[in-house]
Each structure stands twice: as structure tokens, then as C-alpha cells.
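Take a look at the structure below.
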Amino acid sequence: MALTAIKGFNDILPGESGRWHYIEEAARRVFELNGFSEIRVPVMEKTELFCRSIGDATDIVEKEMYSFTDKGDNSITLRPEGTAGVMRAYIEHKLHALDPVAKLYYLGPMFRYERPQKGRYRQFHQIGAEITGVHDPLVDAQVLNMLTAFFREIGLDEPSLQINSLGCPECRPAYRAALCSFLEARTGDLCEDCRRRLSTNPLRALDCKVPGCIQATVGAPSVLEHLCTGCDDHFSAVRSYLDLTETPYSINSRMVRGLDYYTRTTFEMVTTLLGSQSAVAAGGRYDGLIQQLGGPAIPGIGFAMGVERIALLLGQREFASLPDLFIATMGAGERNAAFKLMHGLLKAGVRVEMDYEGKSLKSQMRRADKLKACFSVVIGGNEVASGSAAFKRMSDGIVTEAPLTVAGFEAVLAQGRGISPHHLSTPVSE
Ligand code: ATP
Ligand code: MG
């Protein structure tokens with residue numbers, strides 16, 4: 001039997017990893033600018049953590065978790081999302097005692113047993129951010145602005161921001177009751193899952209992707225019409241801060257989230273380009289979660305973005321960092337000079353490649369093309385003797401004569417490109 005990866009688990013191959021670095025580096029830049037620090041937590045937690053935070057009657061906990069019993073008879077789960085583990089760590093290490101206002105971000109793999117398809121995998125990656133300790137709607141708007149800034153930073157107009165409010169434990173029960181009686185009159189049209197969850201989690205029906213449920217919930221009561229004064233004022237303030245900073249958004253009163261801990265502001269970044277995998281990022285407030293997990297009554301808000309979906313949206317642009325120089329040699333006699341020059345350039349932070357195997361000049365030049373080197377140089381006996389060589393810019397064949405030294409090539413680079421491609425943080429080419 002051929003050994004292959006587990007279904008729904010992907011390899012990120014070298015041709016693809018440049019795109020991932022581009023996404024991850026942009027996220028780090030934008031988040032750190034906003035005062036967030038990285039937190040790294042384990043990929044496995046006690047199963048109970050996820051049951052207590054995400055909620056027993058959610059798709060994730062009911063069907064999607066990778067849970068198993070370890071050799072010590074403990075029930076362990078590969079994390080299906082990041083917030084629960086981050087908040088567990090926040091409570092366990094009493095980060096709130098240091099400062100209740102923590103701004104944390106994380107990135108890494110998550111695991112859900114779902115049906116694999118484009119944009120939906122069993123191991124996937126999220127980049128997420130959380131702010132604890134602030135009730136004020138200003139912070140909701142800052143989080144949304146940061147999310148918007150991230151997509152601007154990576155150069156995507158898609159996706160667009162949708163927001164909603166899910167109310168709080170004061171007003172949600174009345175909404176739930178109103179929705180329940182609406183749904184009960186249409187039980188026959190609902191899918192089995194939604195019917196079963198009528199009593200435990202009726203809000204899920206609004207997010208169900210089964211066509212019958214989409215149809216049956218047209219005209220369902222809106223959560224926004226059931227908000228208490230506190231939640232209504234909070235949501236108005238979030239919107240007015242977004243208006244103040246001219247952040248584009250739309251209101252989607254049918255948006256509910258697949259995790260039970262959300263309160264008040266919830267949001268998604270949605271795209272029309274990925275079929276039913278329309279959510280590229282999602283999040284919201286979770287004012288009760290920290291307390292629910294045994295910590296103090298401290299509110300929180302955060303989001304997670306799906307890296308695979310962002311990578312799909314970025315499309316086929318080239319993100320690899322390309323060599324600045326390829327050194328070819330006429331013959332074996334010049335390999336010492338070439339190797340020494342390469343060593344010096346690498347020490348100086350210049351990306352350089354050379355022929356490793358003493359191949360023909362023609363095949364060396366083919367390799368320079370294949371590696372998409374910016375410049376090439378051929379070192380022969382004359383070059384070694386004179387200490388100077390012709391550096392050729394590969395894009396247009398323009399040749400610059402310069403000393404065969406680190407400083408010599410750096411001068412060529414500075415004059416030829418302004419800045420070496422390896423120092424660029426933006427994609428090298430469209
Ligand atoms: P969906 O509605 O597409 O199932 P979700 O509501 O389950 O998404 P969240 O739990 O909010 O997703 O996770 C945040 C983000 O993580 C999503 O917006 C998406 O970009 C990404 N994501 C979630 N599940 C997967 C998956 N199985 N494969 C790839 N990306 C995923
Ligand atoms: Mg899902």
C-alpha cells in the first residue's frame with residue numbers, strides 16, 4: 001500500500017509556502033502595529049475545554065472533533081479552533097492579573113472532521129487575534145478595522161465585512177423563543193439536524209446550508225429587533241465608530257456563528273469567489289467565555305481567518321524569493337573563485353546560487369533561467385585574472401562590468417534594481 005497523507009490533510013509544498021509567508025508576515029505586521037503579541041498554545045487540549053466553550057450542540061462538538069483517549073485514559077482533542085486554548089492559557093497563567101486588557105494573536109493548524117473540498121480541509125490553518133478586558137464598542141471597531149487593514153495590506157478587495165449583533169444572556173432568550181415559534185410552524189421543511197436542534201440550538205437553522213432550511217427561514221424574526229437597550233446601544237456605537245473611520249461593512253441580521261460563546265457583535269469577512277466556503281474570516285464578542293471557563297468575569301472579542309481560503313483568494317501570483325545572482329563557471333579551474341564569491345555574498349545577505357556539479361555552461365545558464373535569478377555572471381580564466389566580470393541582468397540582458405567582489409556585485413545590484421528583490425516584502429511579480 002502506498003503511503004499517502006491522511007485525507008483532508010495537505011502538504012504545503014515549496015512552491016506554495018512563499019504565499020503562506022506573505023500572509024503570515026502581513027498578519028504579524030498589522031497585528032503588532034495594533035499592539036498584539038503572539039501567544040503559542042498546544043495543538044491538543046482536554047476535550048472538556050472545547051465542549052464547555054464551543055458548546056455541546058454545535059456542529060464542531062457534535063460531529064467535527066478529532067478526539068481520542070490517550071494511553072493514560074484521558075480524553076484529548078486536537079484543537080478545532082484557537083480561542084478556547086488561548087483563553088484557557090490566559091486564565092491558567094493569570095494574565096488578567098498582570099493586565100486585564102490583553103491583545104493576543106496566534107497562528108497554526110486546526111483540525112475538524114469535515115467533508116474535504118476546495119477551501120475546506122480536515123487540517124487547516126487559522127490566524128486569529130483576541131482582545132480581553134474591554135466592554136467598550138470602540139474596541140469592537142478597532143478589531144474590525146484591523147481585520148480590514150490586514151486584507152488591504154495583502155492587496156485583496158474581496159472579501160467584504162458583514163456584521164451583526166447576537167445580543168446577550170438578557171435579550172437572547174426572548175429572541176430564541178420568537179425564532180423557535182417561527183421554526184416550529186415550519187418543522188416539516190427543516191433538515192433533520194435543525195429539527196433536532198430546535199430545542200437546544202435553534203439559531204443554527206439560520207446558518208444551515210441545506211436549501212430547504214434556507215427557504216424555510218426566509219422571513220424569520222430578526223435578532224436585531226430583539227436586542228435589549230444595552231446591546232442595541234452597543235451595536236449602534238460599533239457602527240458609528242466604523243462610519244467614523246469610513247470602514248466599509250454591511251449588516252447581516254441572519255449571521256449566527258457556529259460556536260455558542262458569542263455575544264453582541266459578530267462578524268464575517270465573506271467572499272463570493274469560493275463557492276459555499278464563503279467565510280474567509282469570522283469572529284465576535286465572547287463576554288461570558290472567560291468566566292464560563294473558570295476565570296474572572298472579563299469580556300473578550302476576537303476573530304480567526306482561514307489561511308487556505310486567503311491563499312486561494314490571492315491566486316497565482318508568484319511569492320517565491322528569487323536569487324539575486326547566479327554564478328556560472330567556465331570550467332573546474334574557476335570553482336574556487338566562484339565558491340568564495342558565493343560565500344562572501346551570502347554573508348552579506350545577498351541571495352546567490354551557483355552550479356554545484358560542474359555542468360556545461362549551457363546547462364548552467366538554463367538553471368539560472370529556471371531559478372529566475374535576477375543577475376548572472378560567468379567566471380572564466382580572464383575574469384579570475386582581471387578580478388572583474390560582466391554581470392548580466394537576466395530580464396533585459398544589460399551587462400555591467402564590475403569587480404568580482406561582494407562590493408562589486410552590491411554596486412551592480414544597487415544601480416540595477418534600486419533594491420534587491422530579496423529585500424522586498426511585496427510579491428515579486430504579478
Ligand atoms: P464555515 O461556515 O465555512 O464552515 P466556520 O463558521 O465553521 O466556517 P469558523 O469556525 O468561524 O468557521 O473559523 C474561522 C475561519 O476558519 C473560517 O472563516 C474559514 O476561513 C476557516 N475555516 C473553518 N473551517 C475550515 C476548514 N474545515 N477548512 C479550511 N478553512 C476553514
Ligand atoms: Mg464550519
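Just so you know, all these numbers are worked out from the coordinates, no wet-lab data involved. For clarity, every value in this text was computed on a predicted model and none was experimentally measured. Cβ sites come from the backbone with ideal geometry, for glycine too, and all protein chains shown count toward neighbours.
Ordered from longest to shortest, the equivalent ellipsoid semi-axes for segment 196-347 are 52, 21, 17 Å, each the square root of 5 times a Cα gyration tensor eigenvalue.
For the chain, what does -39500 (n - 2.57) per DSSP helix run (n ≥ 4), summed and divided by total residues, give at 222 nm, in deg cm²/dmol to the nearest 500? If you can, show how the numbers build up before the last one.
Values: 15 runs with 152 residues, N = 430.
Result for the chain: -10500 deg cm²/dmol, rounded to the nearest 500.
If I fit a long axis through the Cα atoms of helix 14-33 and take the longest principal axis of the Cα atoms of the chain, what angle between them do I get, 0 to 90°, rounded to 10? Taking the Cα atoms of the chain, the angle to 14-33 is about 60 degrees.
Charging the Cβ of each Asp and Glu at -1 and of each Lys and Arg at +1, and nothing else, the dipole of segment 87-129 about its Cα centre rounds to 340 debye. Rounded is the label for segment 325-419, because a/c, from the alpha-carbon gyration tensor with a ≥ b ≥ c as root eigenvalues, stays below 1.5.
Give me the angle, in degrees from 0 to 90, between the Cα long axis of helix 83-92 and the longest principal axis of the Cα atoms of the chain, rounded to the nearest 10. Between the helix axis and the principal axis of the chain, the angle is about 80 degrees. The Cys residues in the chain with no partner Cys Cβ within less than 4.7 Å of their Cβ are Cys51, Cys168, Cys180, Cys191, Cys194, Cys231, Cys374.
Cα-Cα over 26 Å: which of Lys7/Lys63; Lys340/Lys372; Lys347/Lys370; Lys103/Lys209; Lys7/Lys103; Lys71/Lys118? Working shown, then result.
Working: Lys7/Lys63 17 Å; Lys340/Lys372 22 Å; Lys347/Lys370 24 Å; Lys103/Lys209 34 Å; Lys7/Lys103 35 Å; Lys71/Lys118 35 Å.
The answer is Lys103/Lys209; Lys7/Lys103; Lys71/Lys118.
Averaging the Cα positions of each part gives two centres, and for segment 185-238 and segment 282-334 these lie 33 Å apart. Only the Cβ atoms of Lys and Arg (+1) and of Asp and Glu (-1) were treated as charged; on that basis the dipole of the chain about its Cα centre amounts to roughly 980 debye. Between Thr263 and Arg285, Tyr286, Asp287, the built amide H atoms are under 5 Å apart, and every one of these is 5 or more places off in sequence or on another chain.
Considering only Asn336, Asn201, Asn145, the mean-square fluctuation computed in a Gaussian network model of the chain, springs between alpha carbons under 10 angstrom, is largest for Asn336. Once the Cα atoms are used to define both axes, helix 361-370 deviates from the longest principal axis of the chain by about 20 degrees. Relative to its Kirkwood radius, the Cα radius of gyration of the chain gives an Rg/Rh of 1.10. From zero outward in steps of 5 Å, how is the percent of C-alpha pairs of segment 143-208 spread across the bins? Taking all Cα pairs of segment 143-208, the binned fractions are 3, 14, 20, 14, 10, 11, 11, 11, 5, 1 percent. Note on Asp193 and Lys7: the model spin-label points, each 7 Å out from Cα along the C-beta direction, lie 1.7 nm apart. The modelled label-to-label distance between Thr247 and Glu24, using points 7 Å beyond Cα along the C-beta direction, is 2.6 nm.
Between the alpha-carbon centres of segment 10-37 and segment 348-393 there is a gap of 32 Å.
Here's how it looks for Ile379: its modeled amide H is under 5 Å from those of Ala328, Thr329, Met330, which are all 5 or more places away or on a different chain.
Overall, the anisotropy analysis places segment 61-183 in the rounded class: the square-rooted eigenvalues a ≥ b ≥ c of its C-alpha gyration tensor yield a/c less than 1.5.
Close amide H contacts of Ala389 (hydrogens built in the peptide plane, cut-off under 5 Å, sequence separation of 5 or more or a different chain): Ala402, Leu404. Across the options Val256, Gly333, His226, the greatest Cα extent toward the positive end of the charge dipole of the chain (unit charges at beta carbon of Lys, Arg, Asp, Glu) belongs to Gly333. Remark: relative contact order (the chain) = 16 percent; criterion is Cα-Cα distance under 8 angstrom and separation of 6 or more residues. Residues considered: Ala178, Ala348, Ala89. Largest GNM mean-square fluctuation over the chain, using C-alpha springs under 10 Å, is found at Ala348.
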